Amino acid sequence: MKLTKKQFKQDFEKRLTTKFATDVEKAGPQETLAAVSSVIKAYYSKIWQEDNEYKDETKKKQAYYFSIEFLPGKMLKSNLLNLGILDTVRESLSDLGIDLDAIAQIEPDMAIGNGGLGRLGSCFLDSAASTGIPLNGNGIRYSYGLFKQKIVDGYQVELPDSWLDNGNPWEIRRADKAVEVHFGGEVWLEDDGTGRLMPHYRNQERVLAVPYDTPMVGFENTTVNNMCLWRSEVPKDLDLRFQNLEYMRQTAMLSAELYPDDSNYDGRLLRLKQEYFFVSAGLQRVINHFKNINKVPVTHIADFISIHINDTHPALCVPEFMRILVDEFGIEWERAWNITVKVMSYTNHTILSEALEKWPEEMVKNLLPRIYQIILEIDRRRTADLLPKVGAKLVHSTRIVKDGQIHMANLAIIGSHSTNGVAKLHSDLLKDVELHDFYLIYPERFNNKTNGIADRRWSQIANERLSGVLDETIGKSWRHNLNELKLLEAYKNDENTLERLQAANFDNKLRLAEYIQEHNGITVNPEAIFDVQVKRLHAYKRQLLNVLHILKLYFDIKDNPEIEMVPRVFIFGAKAAPGYHYAKSIIKCINEIANMVNNDKDVADKLKVVFMENYNVSLAEIIIPAANVGEQISLASKEASGTSNMKFMLNGALTIGTLDGANIEIFEVAGKGNYFKFGLTKDEVYEYYRNGNYNAHDIYEQNPIVHRILDAFIDGTIPNISAEGPEVFDSLTTYNDEYFVLRDFNDYVRAQKDLERLYKNKNAWAQASLMNIANVGKFSSDRTIKEYADDIWHVHEKK
Ligand code: T68
C-alpha cells in the first residue's frame, strides 16, 4: 500500500488521542504499541474487506487448514513488511523519537503451539496469503499459550503464558458468527416417517463457540486470508439447571490452555473435547458460509471447499462432516461419504508410535455419542466393502475401531483422498513401513510435500543485515521469489561479497552475544563458532549427543590446556513437555555442564555452553541469524522433516546433521562440502531393529572416550546431578540407548572435526555459507503451499 510519513504520523497521533487520551510525549510503550497496531489494523482492514468481497463474488474454491496449534510469533513487523510500509513506519516513528524495534519487541508472542507442527501451520498461512492462495486457518484461541520457561538452579520451571493481558490488537471477535457445539447426553434414532432414521438428543451439554478472526496479510499483494480461532463460552440462554459453577468452569476450560505435549499422545478427556470443539465449530462456519454464498445444493460442496486435517488432532472432521451431511442435510450415506473423502486431506507429522492418537471407545461414546455411531458405521461399511477385495488381514490391520480404541490416523487416512508426509524420507517411510498396509489399499492417496518456511520472516524480518547485503549484491528479486537467491552463486569467488556476508553474520553474533551477556551473564567470544541446537527437547532429537561431544572437548582441554582449538560457543534452546521427566533431566545436565565449563579457568574462552531460557519464535529470530552451525542430529528416520534446518540454511549457517527428515534434501541442494553429514542411515537403523543386535554397553566398555564421558555423569565430575546423572547414564547403558547416541558418537566427533577444519579456512567457510544461502530456494513455504494447492486442494492463486 502507499503511505507517506505525514499520513502515518497523523493517523498515529490521532489514534493516541482517540484510544488513550494521550499524546506521543506522554504515551507509555504499551500505549504506543497499541496505537501503532491499531493504525496498521485500519490500513489492512480495507484490503481485507475487499478481498472477502472478491472471494464471495468469484465463489472460487477455498481451503481450510484445521490445526489444533498455530505458532505465529509477533505480528507487527510482519504486517508492516507485508503491507510494504515497514520503512515508512520505522522512519516516521523515529522522527517522533520512537524506536520501532523496541516497540515491536514488547508485543507478546502469539504462542498457541508447541513447536514444528504449529510453526509450520503459521508459515503456511503466511505463504498462502503471500502467494494469493485462498487458505484459511481454523484453530483454538487458547487463553494461555505454551508455558514460559524459567531456568531455576538448572531446572526447567513452567510459568503460565497469559499473552492476552494487554488485549490482542489484531483479532476481531465475531459474536454474530458464534455457533453451538454439543457434548454428551443420549442419542437415539427414530424413523422420520419416510423410512429414514434421524437422531434425537437428550441432556446434551451445550457450549457456545465464538470465533476470533486474525487477518493473514499477504506480502505486497491484495490477499488477506483469515485465521479463525474459537473461544468457548456459556450460551447466553442456558437452561438454569445447567448454570452451575462446575459447568461454567468446564466450558471455560475448553479454550483455556494449550496442551504442552509434542510428539506424545495424551489421552485426556479435555483434549478430546478440544478436538471436537474446534472441528465442529469450524465445519459449521465453513458450511454456513458456503450456504450463504453459493446457491447450489450442498452435494456440490467439494467443488467449493477443501478441509485439511493437520496431524490427527482434527481427524474428527471426517465423522462430523458426515454428521452434518447426513443428519442435517439428509444426504444419503454413500453420497455423503464420497463427498467427505473428496473434501478431506490429511498430513502426517510423525512416525513415533507414542505420538499416534488413539481414543478409548468408551470415552468417545460417552462424550460424542452420535459421532461414535457414525465412526462405527464408517468402519462397518468399509470392512464389508473391502473384505472380499483385499482380505481379512489387510482390513483388520487398517481398521478404525479395534482393540477397544478409535485409531485417529486410520480415520484420517480412510476418510480423506490424500495422505502426505513432510519430507521425502518421511513420506517413503510412511508408504514402505509405517502405513504400508494403507498404501497397499490406497496407493493413489499417498504423496509427499516437503516442508518449507516463511522465508520473509526468517530473512527480511529476522536478518535485516543479511538482507541488505543480498539486495546490494543480487538486487531485490529474491524478496519475492526465494529461488532468485541462486544469483548469489556467481559471487562465490568474490571476496568482497564473501566478506560482507560474513560481516553481516558477525553483527548478528554481536547482537546475540549481548543478549546472552544480559540474560545469562555469560561473556562469549563473537569470533568463536556459534554452534546452535534449538528445538523441543526430546530423546530422539539427541541433544545428548551434542552434550557428549561438548564433554569430549572439555576433557581434551583439561588433558591439555594448551590445546589448539577453534573457540566454540554451544547454544541450546529447548522446552521439555512438563511431564517428560527424562527431557527435563537433560536440561538440568546441560545447565550443570554449562556451569562447570564456563567457570573453569583452564577452559578460558575456548569453550562456552549457553542454555537460553524460553526458546520461542522471537528468540529464534535473534539466535538463528547469528549461527555458524545448525545441529540437526536426530536419529535417522525419527525427525519427520525438521524446519529449523531450513531457517539455518537461509541464514548462511552450515548444517551438521544426520540423514534424517529434510536434512537429506538440504544436503542434496547445498552441494558437497557445504554441510557435515554423519551417522547411521535409516536402513542401518532398521537393520538394528530387525536383528535386535545393538549393544550400547559394549561401546561403553570398549570406547575409552565414551567410557570417561559417561562416567562423568555418575562419579561427581559434573556437579549437582546426583539424580539426573545416573538417569542419563542408565538410559545409555542399562536401557541400551534407545536412540543410538553411542553408536553415532564417533562419526559425530569426526564430522565436528571436519567442521572445525573448514572454519579455520575463513574463505572456504564463507563460500560454503554462501552456497547454503544460494540454494535454499526450494525450502520456501511458498513452494510447499503451491504444491498443496495444486495437487491436494485444487485451489487457485488470485491473479
Ligand atoms: C513436527 N511435529 C515434527 N509435533 O517432529 C517435525 N505433536 O519433524 C516437523 O518438521 C514438524 O512437525 C512440521 O511438519 C510436531 O511439532 C507437535 O508439535 C505435536 C503437538 C501435539 C501433539 C503431537
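Given a Förster distance of 45 angstrom, what is the FRET efficiency for residue 746 paired with residue 342, based on the Cβ-Cβ distance and rounded to 0.05?
0.30
In terms of the Cα gyration tensor, with a ≥ b ≥ c the square roots of its eigenvalues, is the stretch 119-259 rounded because a/c is under 1.5, prolate because a/b exceeds b/c, or oblate? Since a/c reaches 1.5 but b/c is at least a/b, the shape of the stretch 119-259 is classed as oblate. For the stretch 1-114, carbon and sulfur atoms together expose 51% of the accessible surface, with a 1.4 angstrom probe and every protein chain in place.
For residue 446, the residues whose amide H sits under 5 Å from its own are 419, ignoring neighbours fewer than 5 places away on the same chain, with H placed 1.01 Å from N. Close amide-amide hydrogen proximity is noted between residue 344 and 307, 417, each under 5 Å apart and 5 or more residues distant or on a separate chain (H modeled in the peptide plane; Pro and chain starts excluded).
Placing pseudo-labels 7 Å out from each Cα toward the beta carbon at residue 476 and residue 303 gives an inter-label distance of 4.2 nm. The simple Förster model, with R0 at 41 Å and r as the Cβ-Cβ distance, assigns residue 444 and residue 10 a FRET efficiency of 0.10.
Protection proxy ranking, highest mean first, for peptides 309-319, 41-51, 543-553, 754-764: 309-319, 543-553, 41-51, 754-764, where packing is the per-residue count of other beta-carbon atoms within 10 Å, averaged. Inter-part distance, the stretch 84-141 to the stretch 682-749, computed on C-alpha centroids, equals 42 Å. Straight-line reach from residue 6: taking Cα to Cα under 12 Å and skipping same-chain neighbours fewer than 8 places apart, the aspartates and glutamates in range are 91, 95. Rolling a 1.4 Å probe over the protein heavy atoms gives the chain an accessible area of 38 Å² per residue. What shape does the chain have by the C-alpha gyration tensor, where a ≥ b ≥ c are the square roots of the eigenvalues, rounded means a/c under 1.5, and otherwise prolate means a/b greater than b/c and oblate the rest? It comes out oblate by the Cα gyration axes.
Taken one residue at a time, the phi angles of the stretch 476-492 give Karplus couplings (6.51, -1.76, 1.60, θ = phi - 60°) of 9, 4, 4, 5, 9, 9, 4, 4, 5, 4, 3, 4, 5, 4, 5, 9, 4 Hz. Gly and Pro are set to x. This model, with +1 at the C-beta of Lys and Arg and -1 at the C-beta of Asp and Glu, gives the stretch 563-657 a dipole about its Cα centre of some 200 debye. Rounded to the nearest 0.05, the FRET efficiency derived from the C-beta distance between residue 253 and residue 166 at R0 = 25 Å is 0.60. Membrane-span-like helices in the chain (whole DSSP H runs, Cα extent of at least 30 Å along the helix axis, mean Kyte-Doolittle hydropathy of at least -1.0): 29-58, 269-293, 369-390. Extension gain, residue 292-residue 3: 0.36 nm per intervening residue step, less the Cα-Cα distance, totals 100.5 nm. Apolar share of the accessible surface for the stretch 584-636: 44 percent from carbon plus sulfur atoms, 1.4 Å probe. Full extension of the chain between residue 581 and residue 384 yields a length gain of 66.4 nm, computed as 0.36 nm times the residue separation minus the alpha carbon distance. In this structure, the residue pairs whose Cα-Cα separation is over 22 Å, taken from 608/677; 492/672; 486/760; 41/77, are 608/677; 486/760. Amide hydrogen proximity for residue 198: with H placed 1.01 Å from N in the peptide plane, the residues at 5 or more positions away or on another chain lying under 5 Å are 190, 191, 192. Spatial offset of the stretch 617-642 relative to the stretch 256-309 amounts to 31 Å, using the alpha carbon center of each. Of the trypsin sites (Lys or Arg not before Pro) found in the stretch 579-646, those that fall in a DSSP loop while having at most 11 other beta-carbon atoms within 10 Å are 601. Seen from residue 129, the other residues with C-beta closer than 12 Å to its C-beta sum to a net charge of -3, counting Lys and Arg as +1 and Asp and Glu as -1.
Each stretch of four or more DSSP H residues adds -39500 (n - 2.57); spread over every residue of the chain, this sum gives -14000 deg cm²/dmol at 222 nm.
Let me check against my output: what whole-number percent is the relative contact order of the chain, with C-alpha pairs under 8 Å and at least 6 apart? Taking the mean separation of contacting Cα pairs over the length of the chain, I get 14 percent.
Length gain on complete extension for the stretch residue 756 to residue 487, per 0.36 nm per residue less the alpha carbon to alpha carbon distance?
This chain segment gains 94.0 nm when fully extended.
Restricting to the chain, what percent of DSSP beta bridges are antiparallel, rounded to 5? Roughly 45 percent of the beta bridges in the chain run antiparallel, per DSSP. From the alpha carbon centroid of the stretch 494-569 to that of the stretch 186-237 is 49 Å.
Among 370-379, 64-73, the peptide with the highest mean count of other Cβ atoms within 10 Å heads the list, and the full ranking is 64-73, 370-379.
Annotation for residue 688 and residue 403: the two label points, set 7 Å from Cα along the Cα-Cβ direction, are 2.4 nm apart. Note on residue 519 and residue 204: their simple-model spin labels are 4.6 nm apart, each label 7 Å out from Cα toward Cβ.
Would you mind counting up the charge near residue 561? Only other residues with Cβ under 13 Å from its Cβ, with Lys and Arg at +1 and Asp and Glu at -1.
For residues surrounding residue 561, the net value is -4.
For a straight C-alpha distance cut-off of 18 angstrom, the lysines reachable from residue 148 (same-chain residues fewer than eight places away being disregarded) are 74, 535, 575, 584, 588.
The values are calculated or read from the model by the stated rules, or taken from the named source; none is laboratory data. Worth saying up front: this structure is predicted, and the values here are computed from it rather than measured. Ideal geometry is used to build each Cβ from the backbone, glycine not excepted, and the neighbour counts take in all protein chains shown. Areas reflect the complete protein model, heavy atoms only, side chains present, ligands, DNA and RNA absent. Shrake-Rupley method; radii C 1.70, N 1.55, O 1.52, S 1.80 Å.
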